[in-house]
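Since the structure comes first, as structure tokens, the remarks are kept for the end.
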Amino acid sequence: MKRIAFCDYYREAARTLFQQTGRTIFVGAFGLMVTACLFEEDSSVPRLTEDGFGAIDQTTKFELGHLERENPDLRFVEMSFEEEGGFVTVIEGYRQDKLLIELFPDSSGQRVGYLHALSALIRGPDGERIGEGFPDEDFSTCIPGEEQFSGMVICRHKKNTRLSHLYEIPGHDGPDGVLPPEEFTDEAQLLLIVWRADEG
């Protein structure tokens, strides 16, 4: 019970920062939570694959009622925040008050375009989880992060074209457009798994 309460405390702290300052700070705040909550387990949580997450796939409507009907085991909350160029709507998915995913619309605004897996309860197609280390020995499928992801590394999954992995690299602060030396893979930590409805 103490571990659960501790993890929930950090989730709420990260959520508060997100509401106050937007995604840039939220991503960093989430990193505070990951290590402490890494070893939670829930075998009933779907695995994230190239096809999607549970009932969420490339045909899923970006609409709160539709998501609730198709995913009765999840609780969804719609929220908006301001970015350059206007407001962005995000739908968060919770399981027993634990934030699992964020959903973003496609260019039409009608369907789910992106899914961000945020919780260590979700396993990727190779069994990877948020908070784990870098699986490969080089950055051959990776590009450097930019702007709010400066200093991070974004790696395309070698087999699943809809999936990418965002790694935080402690001790590496950029510059933008430059990958860290390969020895930094020893320190890399999986911060986010991104699923795209469109292949590419």
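All of the numbers you see were taken from the coordinates with simple rules; none came from a lab. Keep in mind that what you see is a predicted model, and the values were worked out from it rather than measured. Neighbour counts run over all protein chains shown; Cβ positions are idealised from the backbone, glycine included.
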Exercise for review: May I ask you to list the residues in region 105-119 that are in contact (Cβ under 8 Å) with a residue 60 or more places away in the chain, farther than 17 Å from residue 192 by Cβ and part of a loop (DSSP other than H, G, I, E, B)?
Suggested key: 106
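How many of the residues in region 120-139 are without any contact (Cβ under 8 Å) to a residue 40 or more places away in the chain and in contact with a strand residue (DSSP E or B) (Cβ under 9 Å, 6 or more places away or on another chain)? Can you show your working first?
Kept after step one, since they are without any contact (Cβ under 8 Å) to a residue 40 or more places away in the chain, are these residues of region 120-139: 126-127, 135.
Pick out the ones that are also in contact with a strand residue (DSSP E or B) (Cβ under 9 Å, 6 or more places away or on another chain) and you get 135.
The number of residues fulfilling the criteria is 1.
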**Study point:** Residue match in region 83-92 (condition: crowded, with 17+ Cβ neighbours inside 10 Å and not hydrophobic (A, V, I, L, M, F, W, C))
**Key:** yes
Revision key, fill the gap. Only one of (1) free of Cβ contacts under 8 Å to residues at least 24 places away in the same chain; (2) surrounded by fewer than 20 Cβ atoms within 10 Å (Cβ to Cβ); (3) touching a Phe, Trp or Tyr at 6+ places or on another chain (Cβ under 9 Å); (4) not in a loop (DSSP other than H, G, I, E, B) does not apply to residue 185, and that is (1)
Practice item. Can you give me the number of residues within region 55-82 that are part of a loop (DSSP other than H, G, I, E, B), surrounded by 18 or more Cβ atoms within 10 Å (Cβ to Cβ) and not charged (D, E, K, R)? Key: 4
Review point. Can we say residue 102 is within 17 Å of the chain's Cα centre (by Cα) and acidic (Asp, Glu)?
Key: yes
